[in-house]
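Undergrad: This is the structure I want to talk about, given as structure tokens.
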Amino acid sequence: MLRSMFSAISGLRAHQTKMDVVGNNIANVNTVGYKSQTTVFEDTLSQLLRNGSAPTADTAGTNPAQVGLGVKVASVSTNFSQGSTQNTGRSTDFMISGDGFFTTKSGNENLYTRAGSFDFDGVGNLVTPDGAILQGWTADSTGAINTNGPVGNLSIPYGQVINPEETTAGAITGNLSAEAVATDAPVQTQATMYDSLGNAHQVTYVFQKTATAGAWKLNVLDENGNTLLPTTGAPPVPTLVDVTFNASGAMTAPSIASSPAPVDGKFTFDPTSTFASWAGPVTVDLSGVTQYGGKSTATTTTPAAGAGSALGTLESFSLGSDGTITGTYSNGLKKSLGQLALATFSNPSGLTKAGNSSFRVGNNSGNPLVGIAGTGGRGTLTAGALEMSNVDLSEEFTGLIVAQRGFQANSKVITTSDEILQTLVNMKN
């Protein structure tokens, strides 16, 4: 039999595989997170007809004479280039921009995927369409996330209740006019504070200019107009807070720091006597208040800690570019709920396809390097969007033509070889 016939048969098989790969790429042109594949051919062993010889003093060297025995598929490689972005507006749709894979758990097996279309199951876990659970780090009760710990199932606790917190701190910033006189109307600003039961109270700060240069008196009132400062005498008179400034407009009092510590601009009031459910005390920071010319602009601000809050219920969440999931509660507070984990591999092409747009660790992929998005070469995350397939249809259609022509040419070799054999057989006639 002719070697050409068997070589052509291997060519048919190889080009059929190429056609299979191209067909699969086109079939997945709209598959979320799909990565296209490319077929690479290589020749098989060659039959040696004549050995080569080295040159000598009297003769020249000769090259070996070899006849190839066909072709085979060397590899089917995966193209991990970035796919295009499709905005969906769904809060549970996540897209990776750059390298990395979402880590999911299916049964006892960890899988990895670029398809970021997730949804909730009956207990609040974020899951893939086939039921694999998204992995990450869950925040503790304070909102702290330990990304050095092991990953676990990531869930969004919709309906979670956050307990009320009592207000223990307040702050005021802005300016008290240096042009004010004692007969001017007081400067007032209001803040919402909470007792231990989460009840809201409207607390008003009243600054009144005195006849002394640079000196003000401050009173603190509840929503009913009662003072929250200590009182003396009969009838009771509140002990007002002295707020003073030097000639440069910088604050010189009040201070709760012991002498000779610098003035820190803080004072305290205790609402316990007025509100039994408010244990107090409340420390108010006035260090951001100045006395310069112009209008009075003193206003309350939210301190870094101790502002307090009412009872809250988780209503929505958002995703940061580093994978942090932040919950928004009905009381206006925001708290970290968890953080997505991304995995990278030294050789992503070595991953094995596991179906359902997922991969599993392969013998040549290397171990997964799990960490935070945006670090260690990992991409960043975008919520409300999906990464689409990176299949290039124009390239795939060209591949169809190449595969068809290759298959056609190899089939022609078989028919031609058959004609040669037929001619050989007919020689006896």
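Undergrad: Between a first residue in segment 153-164 that is at positive phi and a second residue that is of a type in the set (Ser, Thr, Tyr), which pairs have beta carbons less than 9 Å apart while being 6 or more apart in sequence or on different chains?
TA: GLY159/THR313
Undergrad: Can you work out which of the residues in segment 376-394 that are touching a residue at least 24 places away in the same chain (Cβ under 8 Å) and surrounded by fewer than 13 Cβ atoms within 10 Å (Cβ to Cβ) is farthest from VAL71 (Cα to Cα)?
TA: So the residue we want is GLY377.
Undergrad: GLY198: buried (at least 16 other Cβ atoms within 10 Å of the Cβ), of a type outside the set (S, T, N, Q) and in a loop (DSSP other than H, G, I, E, B), yes or no?
TA: For GLY198, the condition - buried (at least 16 other Cβ atoms within 10 Å of the Cβ), of a type outside the set (S, T, N, Q) and in a loop (DSSP other than H, G, I, E, B) - is met.
Undergrad: Next up: Across segment 83-103, what is the total count of residues that are surrounded by fewer than 13 Cβ atoms within 10 Å (Cβ to Cβ) and not in a strand (DSSP E or B)?
TA: 2
Undergrad: Out of GLY136, GLY131, report the one residue that is assigned to a loop (DSSP other than H, G, I, E, B), out of contact with any helix residue (DSSP H, G or I) (no Cβ under 7 Å at 6 or more places or on another chain) and either modelled with pLDDT of 95 or more or not polar (S, T, N, Q) (or both).
TA: Exactly one residue qualifies, and that residue is GLY131.
Undergrad: Next question. Hey, among the residues in segment 1-38 that are over 21 Å from THR398 (Cβ atoms) and out of contact with any Ser or Thr (no Cβ under 8 Å at 6 or more places or on another chain), which one's modelled with the highest pLDDT?
TA: Filtering segment 1-38 for residues that are over 21 Å from THR398 (Cβ atoms) and out of contact with any Ser or Thr (no Cβ under 8 Å at 6 or more places or on another chain), the one modelled with the highest pLDDT comes out as ARG13.
Undergrad: Within segment 32-91, work out how many residues are more than 21 Å from MET388 (Cβ to Cβ), hydroxyl-bearing (Ser, Thr, Tyr) and touching a Lys or Arg at 6+ places or on another chain (Cβ under 9 Å).
TA: Of the residues in segment 32-91, 3 are more than 21 Å from MET388 (Cβ to Cβ), hydroxyl-bearing (Ser, Thr, Tyr) and touching a Lys or Arg at 6+ places or on another chain (Cβ under 9 Å).
Undergrad: Given the conditions (1) of a type outside the set (Phe, Trp, Tyr); (2) touching a Phe, Trp or Tyr at 6+ places or on another chain (Cβ under 7 Å); (3) without any contact (Cβ under 8 Å) to a residue 12 or more places away in the chain, which single one is not true for ILE325?
TA: ILE325 satisfies every listed condition except (3).
Undergrad: When residues of segment 19-64 are filtered for being closer than 30 Å to GLN408 by Cβ and in a strand (DSSP E or B), how many remain?
TA: Residues that pass the stated criteria total 10.
Undergrad: Moving on to the next point. Being closer than 20 Å to LEU351 by Cβ, of a type outside the set (S, T, N, Q), over 18 Å from the mean Cα position of the chain (by Cα) and in a loop (DSSP other than H, G, I, E, B) is the filter here, so list the residues in segment 104-128 that pass it.
TA: GLY107
Undergrad: Go through segment 359-399 and tell me which strands (runs of 3 or more DSSP E), entirely inside it, have 2 or more residues that are at pLDDT 95 or above and over 12 Å from the mean Cα position of the chain (by Cα).
TA: 369-371, 385-387
Undergrad: Now for a different question. Looking at THR268, THR300, THR313, THR283, which one is free of Cβ contacts under 8 Å to residues at least 40 places away in the same chain and not in a loop (DSSP other than H, G, I, E, B)?
TA: The unique qualifying residue is THR268.
Undergrad: Any residue at all in segment 420-427 that's of a type outside the set (A, V, I, L, M) and surrounded by 14 or more Cβ atoms within 10 Å (Cβ to Cβ)?
TA: No, that holds for no residue.
Undergrad: Quick check on my filter: what residues within segment 65-82 are under 28 Å from the mean Cα position of the chain (by Cα) and assigned to a loop (DSSP other than H, G, I, E, B)?
TA: ASN79, PHE80, SER81, GLN82
Undergrad: Considering only segment 186-243, state which residues are closer than 19 Å to PRO254 by Cβ and of a type in the set (Asp, Glu).
TA: Passing the criteria: only ASP242.
The values are calculated or read from the model by the stated rules, or taken from the named source; none is laboratory data. In this text the structure is predicted, and so the values were computed from the model without any measurement. Cβ atoms come from the backbone with ideal geometry, glycine included; neighbour counts cover every protein chain shown.
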